[in-house]
Amino acid sequence: MTTTSAIPHVRRGPSPHERKLVFTAYALITPFLVVFTAMVIAPLVYAGFLSLFQTRLIGGEQFVGLANFGKALTDPVFLAGVGRMSVFLLVQVPIMLGVALFFALAIDSGRLAGSRFSRIAIFVPFAVPGVVATMMWGYLYGEDFGPIAQSFRAIGLPAPALLSDDLILFAMMNIVTWSFVGYNMIIMYAALRVIPTELYEAAEIDGAGAIRVAWSIKVPAIRPAIMLTVIFSIIGSFQLFTEPTLLAAIAPNVIGTSYTPNMYAYTLAFRFQDVNYAAAVAFILGFVIMIVSYVVQLSGRRAEARR
Amino acid sequence: MRTTTAMKLGATAAVAALALTACTAPADDISNADFETAMSTPTTISMWAWAPGIENQVAMFEEAYPAIDVVLENVGQGGDHYTKVRTALEAGTGAPDVIQLEYQYVPSFVLTESLLDLAPYGANDVADQFTPWTWSQVTNGDAVYAIPQDAGPMGNLYREDILAAAGITEAPVTWDDYAVAAEAVRNQTGSYITALSGNDAGSFLGLVWAAGAAPFSYDGVETISVDLTGPATQEVIDYWQDLIDRDLVSTDPSFTDGWYQGLANGTLAGWLTAAWGPAFLQGTAADTTGLWRAAPLPTFDADNPIAGNWGGSTLAALSATEHPIVAAELAKFINTDPEATLKFATEQFLFPTRTEVLTSPEFAEQESEFYGGQRVNEIFAEISATVDTEFQWLPFQDFVAASFVDTLGKAISEKGDLSAGLAAWQDAIVTYATEQGFTVQ
């Protein structure tokens, strides 16, 4: 941490001018603080408060401390949902970010004809609302009427059951990848654009080829941006809701009401009227996301330090 | 410091919520004078319902009671509707006065004391207008929680041409006949005679109901019983297990695109469905006009046929209403006024619950081109008379329906062990009920 040198060495009482500055600063962030407190902090505190109670259909509400959390940690339905999302995370995120990185490097290399068009074309799916994207893919996946199944049959092959228990998670990974590759690519591409070009010149003089430059200069240089996309993707994966909820309409027996932890929390709160347990489930999900994100970030920093 | 303030805030909210749910309507009967005053005082009340064309009946009500203004809103169908009603009740504001409520959800709303007991508002006076089983669905002792609107006694819709191609010229009367027909249809035409779907607890429970089983009961307070593994339900399970094992029925989920296509293109040669099914199918498989026929559901005992019900709705007044007299009258008027109920039956295709409409020539003698000129209504009216009156629902039907999909429903769709699925369903329900503080018998 070397950026703290701006602070003066000797600490006197704040001058009137400084005091005015501090006041202005607080005045400027007040609108944010008010909204943040009302919309984020207060609901969080309230949800935390709710999670300490148990409401039973008979007998009403009572204080149970952390019992809801204990229940959630041993709830097979919740754990199955977390397990599914972990598989999703481990398979989908590397593929999506790998593809995004590849596209970002390809467009940045300047060797691509029509790179501006490609950039927009890859980004466009992100502009398609998740609901529309899922309905569109749901149609493509359809077993009887979907073009994928029909093409397989046309050439005499058995159609893959994309909406079956075995494959639907992968079908969902495909939808999410399709939607978010462009978004992640743009973040990485923006980071690539700010790398000083002298580095490339130096590398070229040293005899490095394009691939070598990409691997040894570009990727390390945009490591923070990649880390950002990783964290975003982890959060997104665990919070999966729209895609499975919509696919449940065409594969109702494969996707139950608790396929993902978020769907489970929703079902608990709004179908079974168990707001308290739903709050506990949501909190634990939040903790899981925090822990995974932290571990990933930490290991990223370790790797950085080792270099 | 911060935590204590938050706790106080939350505690106040909880107390307020308790106070709101605690108030109930007076038990004394409403006098004629009170009724006249209420109905002639300019009042606006709101109703949430999704029955198609119900604005017709609302208009008739407003004509009969010019002082009352009804705001009708469709906030969604089924699950979405209940979620919004629950949310509004929980919030304490914004809930309507009258709601559409399916039979299976009546106990769930009785449990939370959300429904106004309509008995003091003269509801018992109209009891004998309704088919006995629909009335028993909305009452508990003397209390009347809703007024039946439409029903879904179950029958059998089938493609006459496909069954004929398989050599079956008469509608199967018993389940044994049905199995023979299923085999013939599968072998001769390649179609399935029907689909047993694992995504909808309602249709499966309709079949259980038709077997004379009454697996659930609720005393209106805190005691329930769950007996899904009893002999009558087991008989249903064994029957379908056999058909599934022999690949004679499809197990595709219902109300999905593939299923609609199956009905339209003949890969599904029939649909065991409710009395609202004929009109629904007509819209789904328009190209097959004239090829379909309706018949009663097959039965285990040909001498003593029992029918089941799937679906249908009521209108109920919420206990939080500020205008209980008007709300009760709205629910009662729409579902008992002769003109309003006949219009429901003949123009909006809701299957009637009033015996007068069931037997009226305008309804019973309607001939349907889609069903080759058959008097479909008459057939279902006869079925309606045989629906068992004992069947009850649990006061947490949302859980029952959701856990069906994860247990027995999964076994059906995977063509697995249905008995094991049924046992898992039973266990899930009992565990949940116990956790929720019910006394399970």
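Principal axis analysis of the Cα atoms in segment B:269-331 yields extents of 51, 36, 15 Å, listed in decreasing size.
With all projection directions averaged, the alpha carbon convex hull of segment A:191-307 covers 10.6 nm².
Once R0 is set to 25 Å, what does the formula 1/(1 + (r/R0)^6) return for the Cβ-Cβ distance between B:T174 and B:S419, expressed as a FRET efficiency to the nearest 0.05?
E between B:T174 and B:S419, to the nearest 0.05, is 0.65.
The residues B:T174, B:T134, sorted by heavy-atom accessible surface at 1.4 Å with ligands and nucleic acids left out, run B:T174, B:T134 from largest to smallest. The value of relative contact order for segment A:76-306, using C-alpha pairs under 8 Å at least six residues apart, is 27 percent. Its convex hull of Cα atoms gives chain B a direction-averaged projected area, equal to a quarter of the hull surface, of 22.9 nm².
Using 0.36 nm times the number of residues separating B:Q348 and B:L72, minus their current alpha carbon distance, what extension gain do you get? Spell out each step's value before the answer.
Working: separation 276, 0.36 × 276 = 99.36 nm, distance 1.68 nm.
Contour length minus the Cα-Cα distance gives 97.7 nm.
Annotation: per residue accessible area for segment B:58-161 equals 36 Å², rounded to a whole number [probe 1.4 Å, protein chains only]. Diffusion coefficient (Stokes-Einstein, Kirkwood radius over C-alpha pairs, 37 °C, 0.692 mPa s) for segment B:162-286: 207 µm²/s, rounded to a whole number. For B:E36 and A:E61, a Förster radius of 35 Å and the Cβ-Cβ distance give a FRET efficiency of 0.25, rounded to the nearest 0.05. Taking 7 Å steps out from each Cα toward its Cβ at A:A121 and A:V91 produces label points 2.8 nm apart. For the peptide A:55-61, the mean number of other protein chain Cβ atoms found within 10 angstrom of a residue's Cβ is 6. Compute the distance from the alpha-carbon center of segment B:87-105 to that of segment B:232-281, in whole Å. Segment B:87-105 and segment B:232-281 have Cα centres separated by 33 Å.
Would you kindly give the portion of the calculated P(r) for segment A:33-137 that falls above 22 Å, as a percent of all Cα pairs? Above the 22 Å cut-off, segment A:33-137 has 65 percent of its Cα pairs. B:T194 sits among other residues whose Cβ lies under 12 Å from its own Cβ, and their net charge, with Lys and Arg +1 and Asp and Glu -1, is +1.
Placing one identical point scatterer on every Cα of segment A:76-306 and ignoring solvent, what is log10 I(q)/I(0) from the Debye formula at q = 0.07, 0.13, 0.16 Å⁻¹? The Debye formula, applied to the Cα set alone, gives -0.30, -0.89, -1.16.
For segment B:299-358, the fraction of alpha-carbon pairs lying more than 20 Å apart is 45 percent, rounded to a whole number.
An ellipsoid equivalent to the protein assembly as shown, defined through the eigenvalues of its Cα gyration tensor, has semi-axes of 54, 37, 24 Å when rounded to whole angstrom and sorted largest first.
Heavy atoms of chains B and A lose about 2500 Å² of accessible surface on contact, summed over both sides with a 1.4 Å probe. Placing a pseudo-label 7 Å from each Cα along the Cα-to-Cβ vector at A:M290 and B:E367 gives an inter-label distance of 7.4 nm. Per residue of peptide B:434-440, the mean number of Cβ atoms on other chains within 10 Å of the residue Cβ is 4.
Taken along the Cα-to-beta-carbon direction at a fixed 7 Å, the label points for B:D142 and B:N304 span 3.4 nm.
Figure note: A:Y200, B:Y178 ranked by solvent-accessible area, largest first, 1.4 Å probe, ligands and nucleic acids not counted: A:Y200, B:Y178.
Here A:S109 sits with roughly 50 square angstrom of accessible surface, probe radius 1.4 Å. Taking all protein chains as shown and a probe of 1.4 angstrom, B:M39 keeps an accessible surface of around 10 Å². Rounded to the nearest Hz, the phi-derived 3J(HN,Hα) couplings of segment B:125-135 under the Karplus curve 6.51 cos²θ - 1.76 cosθ + 1.60 (θ = phi - 60°) are 5, 9, 3, 6, 6, 9, 4, x, 5, 6, 5, where x marks glycine and proline.
Dividing the mean sequence gap of close Cα pairs (under 8 Å, 6+ apart) by how many residues chain B holds gives a relative contact order of 25 percent.
Calculate, for B:E90 and A:I205, the FRET efficiency according to 1/(1 + (r/R0)^6) with r their C-beta to C-beta distance and R0 60 Å; round to the nearest 0.05. Calculated value: 0.30.
The mean accessible area for residues of segment B:328-392, using a 1.4 Å probe and ignoring ligands and nucleic acids, is 41 Å² per residue.
For segment A:76-306, which whole-number percentage of the solvent-accessible area (1.4 Å probe, protein heavy atoms only) is attributable to carbon and sulfur atoms? Heavy-atom surface of segment A:76-306 belonging to carbon and sulfur, 1.4 Å probe: 69 percent.
A:H17 contributes an accessible area of around 130 Å² to the protein surface, as traced by a 1.4 Å probe with all chains present. Largest mean-square fluctuation among A:I195, A:I168, A:I187, in a Gaussian network model of chain A whose springs join Cα atoms under 10 Å apart, belongs to A:I195. Relative to the 2.2 N^0.38 Å rule of thumb, segment B:380-425 has a C-alpha radius of gyration ratio of 1.51. Less than 5 angstrom separates the built amide H of B:V387 from those of B:A307, all sequence-distant by 5 or more or on a different chain.
The values are calculated or read from the model by the stated rules, or taken from the named source; none is laboratory data. Treat the numbers as computed from the prediction; the structure is a model and nothing was measured. Neighbour counts run over all protein chains shown; Cβ positions are idealised from the backbone, glycine included. Note: accessible area is taken over every heavy atom of the protein model, side chains too, but ligands, DNA and RNA are not part of it. Shrake-Rupley method; radii C 1.70, N 1.55, O 1.52, S 1.80 Å.
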